[in-house]
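Some notes on the structure that comes next.
The values are calculated or read from the model by the stated rules, or taken from the named source; none is laboratory data. Small disclaimer: the values here were computed from a predicted structure and weren't measured. Neighbour counts run over all protein chains shown; Cβ positions are idealised from the backbone, glycine included.
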Amino acid sequence: MTTRAAAPTPDEQGVRRHAGHEHEHEHEHEREALRLWLRLLSCTMQIENEISARLRREFATTLPRFDLMAQLAHFPDGLTMSDLSQRLMVTGGNVTGVTDTLERDGFVERLPMPGDRRARIVRLTTSGKATFERMAAAHAGWVEELLGGLAEPERQQLYRLLGTLKLGLAGSQAGA
């Protein structure tokens, strides 16, 4: 003798349908997050690539050189190689290579660090300061141009939203 399972009640059917929709909604939410991440990455890469190309074309330099000079521009007394590495979030080897090139071109100088014969302070030379000021002015104009598709209120809103995202990321990394 076989027994047949009772047909689900209308309430049970509704629960099953609702659970399926929650699952679909979860996947849709994940797809939206992924699409947003890819859009952020795409915009970042497009802007970075355009700025890199303009730095090469107009100043015969690279974005890493510009970034290192920008750090030094904020610290007229200079920074150690270790400080530069931390601020630029790159390895010491990368900083050394970029610094070597900038020193060869006369844009930075390495000076002995008082109290530590092995350490060196890197700072912009007079020529480096003048060159960086020209590059920084051009860079600011390029960024303004590249973000020109957004009205001022949209820029402010995007800035606030990205600030919220940044805080959330910092909080999630602290808990990891």
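For the reader, a short list of remarks on this structure follows.
- Screening Met45 against (1) within 19 Å of Val143 (Cα to Cα); (2) surrounded by fewer than 15 Cβ atoms within 10 Å (Cβ to Cβ); (3) in contact (Cβ under 8 Å) with a residue 12 or more places away in the chain leaves a single unmet condition, (3).
- Taking the conditions (1) farther than 21 Å from Ala60 by Cβ; (2) modelled with pLDDT of 95 or more; (3) surrounded by 10 or more Cβ atoms within 10 Å (Cβ to Cβ) in turn, Val90 satisfies each one other than (2).
- Among the candidates Leu72, Leu41, the residue that is in contact with a strand residue (DSSP E or B) (Cβ under 6 Å, 6 or more places away or on another chain), in a helix (DSSP H, G or I) and aliphatic (A, V, I, L, M) is uniquely Leu72.
- Only listed residue being outside any helix (DSSP H, G or I), on the phi < 0 side of the Ramachandran plot, surrounded by 13 or more Cβ atoms within 10 Å (Cβ to Cβ) and free of Cβ contacts under 8 Å to residues at least 40 places away in the same chain, chosen from Arg123, Arg110: Arg110
- Flag if Val95 is in contact with a helix residue (DSSP H, G or I) (Cβ under 6 Å, 6 or more places away or on another chain), β-branched (Val, Ile, Thr) and modelled with pLDDT under 95: yes
- The residues on offer are Leu150, Leu169, Leu102, and the sole one that is over 22 Å from Gln71 (Cα atoms), assigned to a helix (DSSP H, G or I) and aliphatic (A, V, I, L, M) is Leu169.
- Among (1) hydroxyl-bearing (Ser, Thr, Tyr); (2) over 19 Å from the mean Cα position of the chain (by Cα); (3) under 16 Å from Glu133 (Cα atoms), the one test that Thr80 misses: (3)
- Screening the candidates Thr96, Thr131 for the property of being farther than 30 Å from Leu36 by Cα, part of a helix (DSSP H, G or I) and touching a residue at least 60 places away in the same chain (Cβ under 8 Å) yields one hit, Thr131.
- Scanning the stretch 135-158 for residues that are surrounded by 11 or more Cβ atoms within 10 Å (Cβ to Cβ) and either more than 19 Å from Met45 (Cβ to Cβ) or in contact with a strand residue (DSSP E or B) (Cβ under 9 Å, 6 or more places away or on another chain) (or both) yields a total of 8.
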